[in-house]
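Data block below; observations after.
Coordinate-derived values only; no laboratory data. A quick note: this is a predicted structure, and the numbers were derived from the prediction, not measured. Heads up, the Cβs are rebuilt from the backbone with ideal geometry, glycines too, and the neighbour counts pull from every protein chain shown.
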């Protein structure tokens, strides 16, 4: 409910893409540090669920405070605490999945997990859109910042329901581990192949900025094209509601607020449909092939986004939506397979540590990736920013093919 509206909220508070990059980068880097620590702790104690509950609980309780900020930079602190929750839960959760699933269908399992996560990202924007409309029509709130603040506050309701379901229904299946086991923070416990894999994933992530920038790009496309605004004004009921909402600029902002969640939901519908299937595909044809297909899709979409400004304004919004759909396939191909690859090449008793290091490696580059992308976007425009991301993705694909070995059997 909250995430797809944050770029709009940041804009309404008078900030730019660079501030958005700082917000997202700091948030993800904070999470990365805790993913590393919580993974090691879960291996030592053999207790995954308590960390998962603590992590989801922290995020659920802090996210609604996004609506309480008065300046965009204050969102950094809300997002940091939110990502602290993510950092606590992520590695133990992935290890919990690995311990609950037959090794032969790990790719399918992680793909299914991602599909369900994305299903929430479909329902969330729809709930947000419904909330926005109710606030405008039933409660007569006609100030854009106010309706966003109330929407953020009400987002705590589905969060609490999810937390309750986790506490009641999820069972711990991790085998007992001695509490005297020494926590080893050294990478030498992992083999060379896994370390090389981590390095290449880290390089890829340097060019993989926050998806919030894609939503920012959608906003740009909306303002370059008058087509959407014309359709909205011509639509019964919705057009009448929008036309009564402040001045022309306020009406355009409202259209953005109503439209962006739909784009975000559409984006995640594609992920829901394909994530489980492509995760299962990695069980059959190998992780490397499936991961590289995903990275190739990413490079294609970023190169195309880089050239979007060269298209006629009337086509930009249509192409943007098509690219969003294609970009969702990158996640469907790569997310489940990347995690299954970790489970394949690391001993089961080190899964928590391995996933902690894996997520730490990705998150460590989140701050420079998002900040640099935001700086490039602001200074040189979308072409340079997206083009740089695509180039880094292509280099990562080549290194992955050459240097990383795939193991077909478990330890």
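From helices alone, the chain scores -26500 deg cm²/dmol at 222 nm; the rule is -39500 (n - 2.57) for each run of n ≥ 4 DSSP H residues, then divide by the residue total. Only one item in (1) 242; (2) 129; (3) 114 matches volume of the Cα convex hull per residue in Å³ derived from the coordinates shown, and that item is (2).
Relative contact order for the range 185-296: 14 percent, from Cα pairs under 8 Å spaced at least 6 residues apart, divided by residue count. Report the Cα centroid-to-centroid distance between the range 361-411 and the range 265-292 in angstrom, as an integer. Taking the Cα centre of the range 265-292 as reference, the centre of the range 361-411 is 19 Å away. Modelled label positions at residue 71 and residue 168, each set 7 Å beyond Cα in the direction of Cβ, lie 4.4 nm from each other. Contact order for the chain, expressed relative to its length and based on alpha carbon pairs under 8 Å spaced 6+ residues apart, stands at 32 percent.
Tilt of helix 366-380 relative to the longest C-alpha principal axis of the chain, in degrees (0 to 90, nearest 10)? Tilt relative to the chain: about 30 degrees.
For the range 261-373, the relative contact order works out to 36 percent when only alpha carbon pairs closer than 8 Å and six or more residues apart are counted. Assuming a ≥ b ≥ c are the square roots of the Cα gyration tensor eigenvalues, decide whether the range 63-213 counts as rounded (a/c under 1.5), prolate (otherwise, with a/b larger than b/c) or oblate. Verdict is prolate for the range 63-213. Mean-square fluctuations from a GNM of the chain, with a 10 angstrom spring cutoff on Cα atoms, peak among 92, 64, 236 at 236. Here the Gaussian network model covers the chain, with springs between Cα atoms less than 10 Å apart; of 240, 283, 82, 240 fluctuates the most.
So between residue 126 and residue 142, what do we pick up on full extension, going 0.36 nm a residue minus the alpha carbon distance?
Computed gain between residue 126 and residue 142 is 3.8 nm.
Taking the longest Cα principal axis of the chain as reference, the axis of helix 75-100 is set at about 40 degrees. Based on Cα atoms of the range 234-320, Rg over Rh with Rh as the Kirkwood radius reads 1.15.
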